[in-house]
Amino acid sequence: MKKFLFKVSHEEGGLSLLQFLKTKSGFSGKEVKRIIDAKSCMVNGFVERFSTYRVQKGDFIELSKEEKEELVTLYQDEYVTAIYKPPFFVVSNKHYFLHRLDKETSGVLLNSKEESFRDLFRNREIEKTYFAICIGTPKSRKGIITKPIEKEGVSKSAETQWESVAHKGECTLIKCFPKTGRTHQIRIHLASIGLPVLGDHVYGKKERTGAQRIFLHAYQVAFIHPMTGKKVVIQAKPPKEFTELFSSHLYQ
């Protein structure tokens with residue numbers, strides 16, 4: 001990762017963040033916008049999500065530019081492939097992915113043309129495990145959330161089991177077991193019990209923070225293989241930003 005640090009001069013005050021960084025970094029406007037959208041731009045130590053922000057004299061602006069991570073194969077047989085999706089990698093609809101992960105969420109994705117694998121999801125026969133780093137302290141060690149999820153005016157049932165793994169400062173490491181697969185389910189459910197996911201500016205804290213993405217990771221999927229009858233367990237290690245906050249041995 002390359003880091004660039006700039007200080008705004010008197011003459012530069014009032015420029016939009018996009019204009020300022022385009023001039024100072026030498027990157028194209030499109031590339032600067034991509035970096036800002038990826039939460040890789042910090043102003044005075046806080047993530048700035050808007051390219052229209054007007055810089056002020058004395059602002060310290062840090063830009064981080066990473067090499068793009070690629071999809072990694074975790075498991076493969078003649079019927080199904082499991083891949084690791086890094087954060088900010090957008091998967092194409094032309095592939096046969098059986099489910100989806102939000103843009104900023106990392107973890108395991110399954111890909112198959114076989115209808116029997118889609119049936120596993122329809123029948124809720126896929127066991128999914130996520131890790132989330134949340135802001136706040138839970139009132140109990142574990143629980144079940146059954147808050148319905150509303151989408152386009154339609155309310156649908158949803159269930160997420162969760163347990164607290166560790167606490168550090170203002171953050172708690174939560175292990176989640178979603179029983180349904182509604183859009184943004186874990187983020188909505190954790191926020192509803194006062195534990196918004198770190199970096200979630202939609203359902204969590206709206207103010208600027210130092211979090212450069214939503215700290216949600218799809219750690220494991222487990223299922224009975226419809227073709228072989230054998231149980232398959234596939235795991236993806238959490239990315240480094242997770243283990244930098246909580247020790248790696250906790251992610252099991």
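The values are calculated or read from the model by the stated rules, or taken from the named source; none is laboratory data. Only a predicted model underlies this, so the values are computations on that prediction, with no experimental measurement involved. Cβ placement follows ideal geometry from the backbone for every residue including glycine, while neighbour counts extend to all protein chains displayed.
Here is how the numbers come out for the structure above:
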{"item": "So Gln76, is it in the same structural domain as Glu241 (by TED's automatic domain parsing) and either free of Cβ contacts under 8 Å to residues at least 12 places away in the same chain or exposed (fewer than 13 other Cβ atoms within 10 Å of the Cβ) (or both)", "result": "yes"}
{"item": "Number of positions in region 104-136 that are over 22 Å from Val90 (Cβ atoms) and of a type in the set (D, E, K, R)", "result": "7"}
{"item": "Residues being surrounded by 17 or more Cβ atoms within 10 Å (Cβ to Cβ), part of a strand (DSSP E or B) and out of contact with any Pro (no Cβ under 7 Å at 6 or more places or on another chain) - total across region 131-148", "result": "3"}
{"item": "So Thr160, is it within 19 Å of the chain's Cα centre (by Cα), of a type in the set (Ser, Thr, Tyr) and modelled with pLDDT of 95 or more", "result": "yes"}
{"item": "Test: residue in region 63-84 that is closer than 20 Å to Asp200 by Cα and of a type in the set (A, V, I, L, M, F, W, C)", "result": "no"}
{"item": "Tabulated pairs, region 128-143, first more than 30 Å from Ala82 (Cα to Cα), second part of a strand (DSSP E or B) and among the small types (Gly, Ala, Ser), C-beta under 6 angstrom, 6+ apart or interchain", "result": "Pro138/Ser164; Arg141/Ser164"}
{"item": "Residue tally, condition part of a loop (DSSP other than H, G, I, E, B), under 19 Å from the mean Cα position of the chain (by Cα), touching a residue at least 40 places away in the same chain (Cβ under 8 Å) and at negative phi, over region 86-115", "result": "7"}
{"item": "Hits in region 1-55 - residues which are among the aromatic types (Phe, Trp, Tyr) and in a loop (DSSP other than H, G, I, E, B)", "result": "Phe27, Phe50, Tyr53"}
{"item": "Residues of region 24-76 satisfying the condition of being farther than 20 Å from Arg213 by Cβ and in contact with a Gly (Cβ under 7 Å, 6 or more places away or on another chain)", "result": "Arg54, Val55, Gln56, Lys57"}
{"item": "Strands (runs of 3 or more DSSP E) fully within region 161-252 counting 2 or more residues that are within 20 Å of Ser40 (Cβ to Cβ)", "result": "216-224"}
{"item": "Any pair with Cβ under 6 angstrom, 6 or more apart, that starts in region 223-252 at a residue that is in the same structural domain as Asp119 (by TED's automatic domain parsing) and surrounded by fewer than 17 Cβ atoms within 10 Å (Cβ to Cβ) and ends at one that is hydroxyl-bearing (Ser, Thr, Tyr) and assigned to a loop (DSSP other than H, G, I, E, B)", "result": "Met227/Tyr79"}
